[in-house]
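First the structure, which I've put down as structure tokens, then a few questions once you've had a look.
Every read-out reported here was derived from the displayed coordinates using simple, explicitly stated rules and does not represent laboratory data. Model, not experiment: these values are computed from the prediction. Heads up, the Cβs are rebuilt from the backbone with ideal geometry, glycines too, and the neighbour counts pull from every protein chain shown.
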């Protein structure tokens, strides 16, 4: 982190912020702003969904600790816009907030409204970029701080940071790689934003890509796919996400962890067990084979794949 000068601190203190923030990225970026002495007049966040695995720290709890007013409306209607206007924000930030913020609200901040997005824009605009990057086998990820406009993730870029995606990464580990990048961007650029000197580099969204929200059914495995594609899906939606699965004997078999055994060749009919280890089960795919390591029948206990399959773990059996 670059040293913040007394001039920077004076500019920061003169730029009150309204935040729309959630998730671990939101928490970490709020911490960074507070460490700089940023005046935060209100936080808009979300109630936790009981159907999600909540692993991140609470932005609302952090706000309460620092005496910041916190609200959880389901969207920002006219009455909320009037209340935000009364706060006279110089800057508005969105850190992983899940609702689209109206353009009329963005216009309330004379020094700009900015969003932190978990990809290297203009690639992977839209929802769930971390999951989609893994599904698609990308080798590089990143975070982008950008000006907000009416169109999602389409505003001019303030700054970006990149990180390598490794085969060992899951959506959770990759997300945790991105959070420090977001903090770096806030530390570097908030003093410029507060002083009204935010950089801007136009995006060419036509050269990028857009992906929407992932659905549970997007996690279904097709054994005709290559081993690499199935492996990427498994790690993209493993815990804390709903998991990759196949429908088997009228139920659902969830695959929580796997590794590629072979990436080429025809190892057998796709979906056929071709070897059984002490803890794992190797399955033929459309190209190569996949070693299933941790699995679970829906409604039962998660365990090693060999244990979960039990007597059904035999060479030649179909999944």
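What nm value, rounded to one decimal, do you get for the distance between residue 276 and residue 71 when each label is placed 7 Å out toward the C-beta?
Once both label points are built, they end up 6.1 nm from each other.
Where in region 243-278 does the amide nitrogen come within less than 16 Å of the point 7 Å from the Cα of residue 318, taken along Cα to Cβ?
Answer for region 243-278: 246-251, 268-274.
How big is the Rg/Rh ratio for region 235-280, C-alpha atoms only, Rh by Kirkwood, two decimals?
On the way: Rg = 12.5 Å, Rh = 12.7 Å.
Here the Rg-to-Rh quotient is 0.99.
With Rg and the Kirkwood Rh both taken from Cα atoms, where does Rg over Rh land for region 1-138?
Working: Rg = 15.7 Å, Rh = 16.1 Å.
My calculation puts Rg/Rh at 0.98.
Right, another one. Using square roots of five times the C-alpha gyration tensor eigenvalues, list the equivalent-ellipsoid semi-axes of region 216-312 in whole Å, biggest first.
Working: eigenvalues 69, 48, 28 Å².
One finds semi-axes of 19, 16, 12 Å for region 216-312.
I would also like to ask the following. Going by Cα centres, region 185-200 and region 106-166 are how many Å apart?
Region 185-200 and region 106-166 have Cα centres separated by 16 Å.
Given only helices, namely DSSP H runs of n ≥ 4 each adding -39500 (n - 2.57), what is the per-residue ellipticity at 222 nm of the chain, to the nearest 500 deg cm²/dmol?
On the way: 9 runs with 89 residues, N = 319.
Result for the chain: -8000 deg cm²/dmol, rounded to the nearest 500.
Once Rh is set to the Kirkwood radius over Cα pairs, what Stokes-Einstein translational diffusion coefficient, in µm²/s, holds for the chain at a temperature of 10 °C and a viscosity of 1.306 mPa s?
On the way: Rh = 21.4 Å.
D, rounded to a whole number, is 74 µm²/s.
Measure nothing fancy, just the Cα-based angle from helix 227-237's long axis to the longest principal axis of the chain, in degrees from 0 to 90, nearest 10.
Taking Cα atoms only, the helix is inclined about 50 degrees.
Roughly what would the spin-label model give for residue 86 and residue 47, points 7 Å off Cα along C-beta, in nm?
According to this spin-label approximation, the distance is 2.3 nm.
Moving to a separate point now. What is the mean projected area of the alpha carbon convex hull for region 88-227, to one decimal in square nanometres? Could you put the intermediate results ahead of the total?
Working: hull surface 37.2 nm².
Averaging across all directions leaves 9.3 nm² for the Cα convex hull.
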